[in-house]
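The values are calculated or read from the model by the stated rules, or taken from the named source; none is laboratory data. Computed from a predicted structure; not experimentally measured. All Cβ positions, even for glycine, are placed from backbone atoms using ideal geometry, and neighbour counts span all protein chains on display. What goes into the accessible areas is simple: the full protein's heavy atoms, side chains included, and nothing from ligands, DNA or RNA. Shrake-Rupley method; radii C 1.70, N 1.55, O 1.52, S 1.80 Å.
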Amino acid sequence: MKSLRMAKRHLPKFLESLGKWGKVYVPVKLGKNSYRWEEFDGEVDNIALDALRTVIPAKKFFYKPREVMFEYDKTNGYTQACAECEEDVILFGIHSCGIHSLETLDNIFAGKYVDNYYFTRRKNITIVGTSCMPDKHCFCKSMGADTVDEGYDIFLTDLGDDFLIGVGSSKGDDIVNDNPDIYEEVDESTTKRYLEFRNKRDESFELVLDTSDLPTILDFQYDNPLWDELGERCLACGSCSMVCPTCYCYNVDDTINLDSETGERWREWDCCLFRDHALVAGGHNFRENQGGRLKHRYLHKQQAYLGDFGRTACVGCGRCIVACPANIDYVECLKAMRGEMTSA
Amino acid sequence: MLSKQTVKLDPANNPYKPRLARIVSIKPQAPDHKLFQLRFEDRDYAESFCTRPGQFAELSIIGVGECPISISSPPTRKGIVEMCVRRTGRVTNALFDLPTNSMVGLRGPYGNGYPVEDMEGNDLLMIAGGLGMAPLRSLLWYALDNRARFNRVILLYGTRSPEDLLFREEFDDLITRADLECHVTVDKDPTGNWPYNVGVVTSLFDKVDNLNPDTTYAAICGPPVVYKFVIDQLLKLNFSKGRILMSLERMMKCGIGKCLHCSIGHKYTCLDGPIFTYWDAINLRESI
Ligand SMILES: Cc1cc2nc3c(=O)[nH]c(=O)nc-3n(C[C@H](O)[C@H](O)[C@H](O)COP(=O)(O)OP(=O)(O)OC[C@H]3O[C@@H](n4cnc5c(N)ncnc54)[C@H](O)[C@@H]3O)c2cc1C
Ligand code: SF4
Ligand code: SF4
Ligand code: FES
């Protein structure tokens, strides 16, 4: 892998150059502790380099909260719509867990039936990752999502005065070649500082979830009354799924235009905690109570997806923990299922 | 950044895209049930459309929406797709309002279908309740059209009353066929002139002699109560759980494993199902 070093004072030049590959989006501060993705306004100072989690994760660039899938009319039938699919976008400031979450979504949207919408954007979006320091809600290390060695075009690791620049793709190589004079070779001191950074970061994780044997434990805990206790607290607001970078379920609906001849088929993010998620004709609901629906979300991530793809559908970003208005804590709940002492 | 997945991006091959199909005929069946014969407008596609018994397709009514419906016609009869539909909500109501020759959207076929390769060479016992006849009809005609590949072929079908019997015009023939043991029943006969059995579908078991559980596959489809009583009966007859096949119904949006609406435990009804063995079903929590 090609690695370089860039002094921090060159960041404006780096970002300016990124603009040649498309529209650049960066995390900016929204409130006291909240961040969101916004188009880069040219001011490096407005970028929240220390942002750990944007409220809505980067998945929204690949998989829109609500999008038109088809336009239809009565004579021609359904025509694929893909608004902004072909737009070139650069995401600057996605972290390791975010890159892992994209791989999680890739597994779902690939396979025998390829989701054109998602993969067209995947092809057109450039990923410039940045390193981070975990806070008390991060448990990506437990989920195996705390480091990346692929899945990005460029990755910047903060080494104090410099960034270590990892070049992960040919496109990334084009980007660094566009501005050769801002980079220097990696030297011994870079390696030393990189190792120091790594050790410091490793030691900073406060939240740890032991995942060993978790699928089996969850099997045994299927009837644990805690599921229903949490279900009673859950407001079915859907926040946990909307903010989750690996949740992907969706709903489809059709709208018709005033001419009553033409219209659109939409899809929008859904949430398995909504009451009608498994409701079928005749009013029968296969997941009748909220505890069962909550359990479904957890089991899907830690058991079902794991069985299909060999990794969990959770990257430990902590968003659902921060977002839940009922203070339902994903990690605390799973720890309780493991029989660890918690306050869940 | 392209992902690690090897995907082929082909806008002409969007798996969510319904293809236009024409309603070539509508045959009323029971109250609120109609059989629709559909043909893809693209003739080549219509001929190449290849199904397995027990699969389903996503049916779109332009301007209204989409829902999964079993393909009732067997793969042995190409060109036409038959669907037996019960009117129950938005999409099905809109379908019932359409006259012959209207266009609908269709995509599929989806789902695993029956494991016919394993079933061939065995006795075939089909047990249907009500609308459960819709998916089983594709298996029935597959077996009759490939009659030599099966040993005994048995069909037990029950509905609430005589007027609820689906595919009525076929049953008059089916009952007299020598190569099929076909028994129908109704829960109640208010008309008084029903010529066949009265009683629940399990009461038809008495009419079938010498069922050999080791050489028989049982395919059941119907409302939950049918599964419950029929499975009890089959287990009493010493059927192993892997030889009992059921078709499960779930909320579905995409039909192709993306939207997660149809998940049961770690399986997707749309990809891994809708046909599950009873053994699979009892190992899938929330399945029945
Ligand atoms: C694999 C498979 C095969 C199938 N095969 C067939 C078949 O061959 N023939 C057939 O007729 N059907 C079949 N079905 C069932 C069929 O898909 C449903 O009946 C269909 O989706 C109904 O769609 P709709 O838009 O008409 O009804 P909807 O408008 O979706 O409503 C259907 C019913 O669902 C309930 N409901 C929906 N949403 C809500 C809500 N928000 N709140 C309360 N209640 C609600 C209501 O009771 C309503 O009557 C199959 C289903 C599956 C999964
Ligand atoms: S489940 Fe929670 S912690 Fe895990 S990826 Fe989703 S939002 Fe992040
Ligand atoms: S965020 Fe909390 S309250 Fe809202 S649906 Fe998720 S678990 Fe329930
Ligand atoms: S119907 Fe969407 S995943 Fe099965």
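Select from segment A:114-149 the residues that are out of contact with any strand residue (DSSP E or B) (no Cβ under 9 Å at 6 or more places or on another chain) and within 11 Å of chain B (Cβ to nearest Cβ) and list them in ascending order. Break it down into steps so the answer makes sense when it comes.
Step one: of segment A:114-149, the residues out of contact with any strand residue (DSSP E or B) (no Cβ under 9 Å at 6 or more places or on another chain) are A:114-115, A:118-120, A:122-123, A:134-147.
Once the filter is applied, which keeps residues that are out of contact with any strand residue (DSSP E or B) (no Cβ under 9 Å at 6 or more places or on another chain) and within 11 Å of chain B (Cβ to nearest Cβ), segment A:114-149 yields A:Val114, A:Asp115, A:Tyr118, A:Phe119, A:Thr120, A:Arg122, A:Lys123.
Of the listed requirements (1) within 14 Å of ligand 4 (Cβ to nearest atom); (2) modelled with pLDDT under 90; (3) surrounded by fewer than 21 Cβ atoms within 10 Å (Cβ to Cβ), B:Val225 misses just one: (1). Within the option set A:Val28, A:Val55, A:Val24, being modelled with pLDDT of 95 or more, among the aliphatic types (A, V, I, L, M) and more than 30 Å from A:Val186 (Cβ to Cβ) holds for one residue only, A:Val28. Scanning for something hydroxyl-bearing (Ser, Thr, Tyr), within 11 Å of chain A (Cβ to nearest Cβ) and under 21 Å from the mean Cα position of the chain (by Cα), does segment B:52-73 turn up at least one residue? Yes, the conditions are met somewhere in segment B:52-73. Residue count for segment B:268-279 satisfying the condition of being away from ligand 1 (no atom under 13 Å from the Cβ) and either assigned to a loop (DSSP other than H, G, I, E, B) or buried (at least 22 other Cβ atoms within 10 Å of the Cβ) (or both): 1. Total residues in segment A:291-337 satisfying the condition of being away from ligand 4 (no atom under 16 Å from the Cβ), within 17 Å of the chain's Cα centre (by Cα) and among the basic types (Lys, Arg): the figure is 2. Screening A:Glu185 with (1) under 13 Å from A:Ser3 (Cβ atoms); (2) surrounded by 11 or more Cβ atoms within 10 Å (Cβ to Cβ) gives one miss only, at (2). Of everything in segment B:1-51 that is within 14 Å of chain A (Cβ to nearest Cβ) and farther than 29 Å from A:Ala81 by Cβ, the residue that is most open to solvent (accessible area, probe 1.4 Å) is B:Asp32.
Here's the yes/no breakdown for (1) modelled with pLDDT of 90 or more; (2) touching a strand residue (DSSP E or B) at 6+ places or on another chain (Cβ under 9 Å); (3) open to solvent by less than 20 Å² (accessible area, probe 1.4 Å):
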site: B:Thr216; (1), (2), (3): yes, yes, yes
site: B:Asn238; (1), (2), (3): yes, no, no
site: B:Ile244; (1), (2), (3): yes, yes, yes
site: B:Cys254; (1), (2), (3): yes, yes, yes
site: B:Gly265; (1), (2), (3): no, no, no
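A:Asp174 meets the stated requirement of being open to solvent by 70 Å² or more (accessible area, probe 1.4 Å), within 14 Å of chain B (Cβ to nearest Cβ), over 26 Å from A:Asn327 (Cα atoms) and not in a loop (DSSP other than H, G, I, E, B).
Condition check ((1) more than 14 Å from chain A (Cβ to nearest Cβ); (2) of a type in the set (Asp, Glu); (3) more than 16 Å from ligand 3 (Cβ to nearest atom)) across all residues:
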position: B:Asp173; (1), (2), (3): yes, yes, yes
position: B:Cys182; (1), (2), (3): yes, no, yes
position: B:Asn197; (1), (2), (3): yes, no, yes
position: B:Phe205; (1), (2), (3): yes, no, yes
position: B:Pro224; (1), (2), (3): no, no, yes
position: B:Leu248; (1), (2), (3): no, no, yes
position: B:Lys267; (1), (2), (3): no, no, yes
position: B:Asp272; (1), (2), (3): no, yes, yes
position: B:Asn283; (1), (2), (3): no, no, yes
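Within segment A:299-316, how many residues are open to solvent by less than 10 Å² (accessible area, probe 1.4 Å) and either within 16 Å of ligand 3 (Cβ to nearest atom) or among the β-branched types (Val, Ile, Thr) (or both)? Don't jump to the end; show me each part of the working.
Going through segment A:299-316, the residues open to solvent by less than 10 Å² (accessible area, probe 1.4 Å) turn out to be A:301-302, A:304-305, A:313, A:315-316.
Narrowing the set further to residues that are either within 16 Å of ligand 3 (Cβ to nearest atom) or among the β-branched types (Val, Ile, Thr) (or both) leaves A:301-302, A:313, A:315.
Total meeting the criteria: 4.
Looking only at segment A:64-73, residues that are more than 10 Å from chain B (Cβ to nearest Cβ) and closer than 15 Å to A:Thr120 by Cβ come to 3 in all. For segment A:91-111, indicate whether the set of residues that are at the interface with chain B (Cβ under 9 Å from one of its Cβ atoms) and surrounded by fewer than 18 Cβ atoms within 10 Å (Cβ to Cβ) is non-empty. Within segment A:91-111 (the criterion being at the interface with chain B (Cβ under 9 Å from one of its Cβ atoms) and surrounded by fewer than 18 Cβ atoms within 10 Å (Cβ to Cβ)), the answer is yes, since at least one residue qualifies. For A:Gly22, the test of being surrounded by fewer than 20 Cβ atoms within 10 Å (Cβ to Cβ) and on the phi > 0 side of the Ramachandran plot is passed.
Could you look through segment B:204-214, keep only residues that are of a type in the set (A, V, I, L, M) and open to solvent by less than 30 Å² (accessible area, probe 1.4 Å), and pick out the one that is farthest from B:Arg86 (Cα to Cα)?
Within segment B:204-214, the first condition is being of a type in the set (A, V, I, L, M), and the residues that meet it are B:204, B:208, B:211.
Okay, now just the ones that are also open to solvent by less than 30 Å² (accessible area, probe 1.4 Å), so B:204, B:208.
Values: B:Leu204: 25, B:Val208: 30 Å.
The extreme case among them is B:Val208.
For segment B:27-38, indicate whether the set of residues that are touching a Cys at 6+ places or on another chain (Cβ under 7 Å) and within 21 Å of B:Ile256 (Cβ to Cβ) is non-empty. No, segment B:27-38 contains no residue that is touching a Cys at 6+ places or on another chain (Cβ under 7 Å) and within 21 Å of B:Ile256 (Cβ to Cβ). Residues in segment A:62-90 that are surrounded by fewer than 22 Cβ atoms within 10 Å (Cβ to Cβ), β-branched (Val, Ile, Thr) and more than 18 Å from B:Pro11 (Cβ to Cβ): A:Thr75, A:Val89.
Taking segment A:27-136 and the helices (runs of 4 or more DSSP H) fully enclosed by it, the elements with 2 or more residues that are touching a Leu at 6+ places or on another chain (Cβ under 7 Å) and assigned by TED's automatic domain parsing to the domain that holds A:Val176 are at A:59-62, A:116-124.
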